[in-house]
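The values are calculated or read from the model by the stated rules, or taken from the named source; none is laboratory data. Please read all numbers here as calculations on a predicted model, not as lab measurements. All Cβ positions, glycine included, derive from the backbone under ideal geometry; neighbour counts span all protein chains shown. Quick note on the areas: whole protein, heavy atoms, side chains included, nothing else; ligands and nucleic acids left out. Shrake-Rupley method; radii C 1.70, N 1.55, O 1.52, S 1.80 Å.
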Amino acid sequence: MARSSTMTTIAMAALAAALAAFPAAAKTVSVPAGAAKTLQMFLDLARPGDVLRLAPGEHRGPVTISTTVTVEGEPGAEIVGNGKGSVVIVTAPGAVVRGVTVRGSGTNIPTLDSGIFLDRTAKGAVAENNEVIGNLYGIYIQGADDALVKDNRIEGISEGRSAEAGNGVHLWNAPGAKVIGNDISKGRDGIATMASKHNVFSGNRFSNMRFAIHYMYTNDSEISGNVSTGNSVGYAIMFSDRLTVTRNISNGDRDHGLLLNTSKGSRVTGNIVVGRMQPVARWTMAGRRGDSHGVPMGDGAAVVDASGMRLGPEKCVFIYNANRNAFHDNWFENCAIGIHFTAGSEGNRMSGNTFVNNRNQVKYVGTRHLDWSVDGRGNFWSDNPAFDLNGDGIGDSPYRPNDLVDRVLWTAPQAKILVNSPAVQVIRWAQSQFPAILPGGVVDSHPLMAPPPLQSRSRSQLQ
């Protein structure tokens, strides 16, 4: 009997140890608002898979999520920092922050003070449906592979110089991270990425910023279906290769709709850049003068009208030292310059694009001859007085957007006072009659007689 009792005791102890080692079932825990450190205490006690539901009201930050849990706010729930460091720091892989308002970060750029900070250990973490308001950086992805930032409203700091603010979403070395469907405004840049790859930025909306999307050393990624309105630059692609840039809109940005600087092997298709008349005060704001992080901010191409309004962007597209890219089926309208092409950019394929009502359709700085048509299909130019006698949709004669006079005006702008003189008109007539005397430059040997129908339908959505 004694031996049997001992064996039973040992079996019960083993069973208890096994049950203790087996993870408890995930549960939903209600977290009350108001008390100091309550949220962090609940986070410290949580088990993987738990859902922490935050009651309406203010929850004190900063907090660190070091367990794979979901922090989900009821309507009116806020996590408020103390003005130092980041408000919500996520270190657990697969953790979720959803449906909360986050505010109150510090303002120290070197320490990356953020509303939500996804650390490098937070692989696959998710930040969605949050309101991230008034923080230095909105959401910072610091090496968190496969993170997802989705359907958030992010509003940055509006006071002071934009260069002293943080970005709405910032990525550093976060392969596979996706930023989708967010509304981002104010602060410095909407999405900024550095030294990453295989990222997707899609369906986001940007306003009142420096750059909507700013790419640096990020390869093999996608920028699709985004809308940039009223920013200095829409899409700045710098030192990044093999990108897909498609179906994006730049609507009334200030300096450039789309910029490619030292980028190669990318596919740029189906994008729309439309210029608007804007108050000249937008060009004299603090920090306007000079370059901005290597992006030239204008060369005086735009002209101020009698009412003090100026056309922007100055350039629908600026291509600088960008090689072997494919540009097709894009729409560029109502800019001071449709496309500025310079600095030895080679091997780029241009076809099916639409250039409408730009004051200068093309500014090409170079002496080489470039044919902007591919496989017998060129581009549509709204100022091309072409004929199509055989009705094949292709103009019967090549289109040349620039001539010798244009080159003189670029190098000596003071010569504009002679542009309507008889001598200049004779030079232009001679070039039209004897094409062999034309300098090197862009020629479209198969210009389209009308914009492609798909582009026309897409452009009509901006009316």
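Tally the residues that are open to solvent by less than 60 Å² (accessible area, probe 1.4 Å), part of a loop (DSSP other than H, G, I, E, B) and aliphatic (A, V, I, L, M), restricting the search to the range 32-81.
The qualifying residues number 5.
On the phi > 0 side of the Ramachandran plot, in contact with a strand residue (DSSP E or B) (Cβ under 8 Å, 6 or more places away or on another chain), modelled with pLDDT of 95 or more and open to solvent by less than 10 Å² (accessible area, probe 1.4 Å) - does that describe any residue in the range 312-329?
No, the range 312-329 has no match at all.
Identify, from the list T107, T121, the residue that is touching a helix residue (DSSP H, G or I) at 6+ places or on another chain (Cβ under 9 Å) and without any contact (Cβ under 8 Å) to a residue 60 or more places away in the chain.
T107
If T367 satisfies every condition in (1) of a type outside the set (A, V, I, L, M); (2) farther than 19 Å from S263 by Cα; (3) without any contact (Cβ under 8 Å) to a residue 40 or more places away in the chain but one, which is the exception?
(3)
Taking the range 37-57 only, how many residues are under 13 Å from E78 (Cβ atoms) and among the hydrophobic types (A, V, I, L, M, F, W, C)?
The qualifying residues number 3.
Scan (1) open to solvent by 30 Å² or more (accessible area, probe 1.4 Å); (2) without any contact (Cβ under 8 Å) to a residue 40 or more places away in the chain for the single condition K264 breaks and write down its number.
The one condition K264 does not meet is (2).
Could you list all residues from the range 45-62 that are over 15 Å from G94 (Cβ atoms), charged (D, E, K, R) and in contact with a Ser or Thr (Cβ under 8 Å, 6 or more places away or on another chain)?
Of everything in the range 45-62, those that are over 15 Å from G94 (Cβ atoms), charged (D, E, K, R) and in contact with a Ser or Thr (Cβ under 8 Å, 6 or more places away or on another chain) turn out to be R53, R60.
Taking S196 as the residue in question, decide whether it is under 27 Å from F117 (Cα atoms), over 12 Å from the mean Cα position of the chain (by Cα), assigned to a loop (DSSP other than H, G, I, E, B) and without any contact (Cβ under 8 Å) to a residue 40 or more places away in the chain.
Answer is no for this residue.
Within the range 348-406, track down each residue that is modelled with pLDDT of 90 or more, small (G, A, S) and within 20 Å of P453 (Cα to Cα).
Listed by number, the residues that qualify are S351, G352, S373, G376, G378, S382, G391, G393, G395.
So which of Y217, Y235 ends up being part of a strand (DSSP E or B) and either on the phi > 0 side of the Ramachandran plot or at pLDDT below 95 (or both)?
Matching residue, one of Y217, Y235: Y217.
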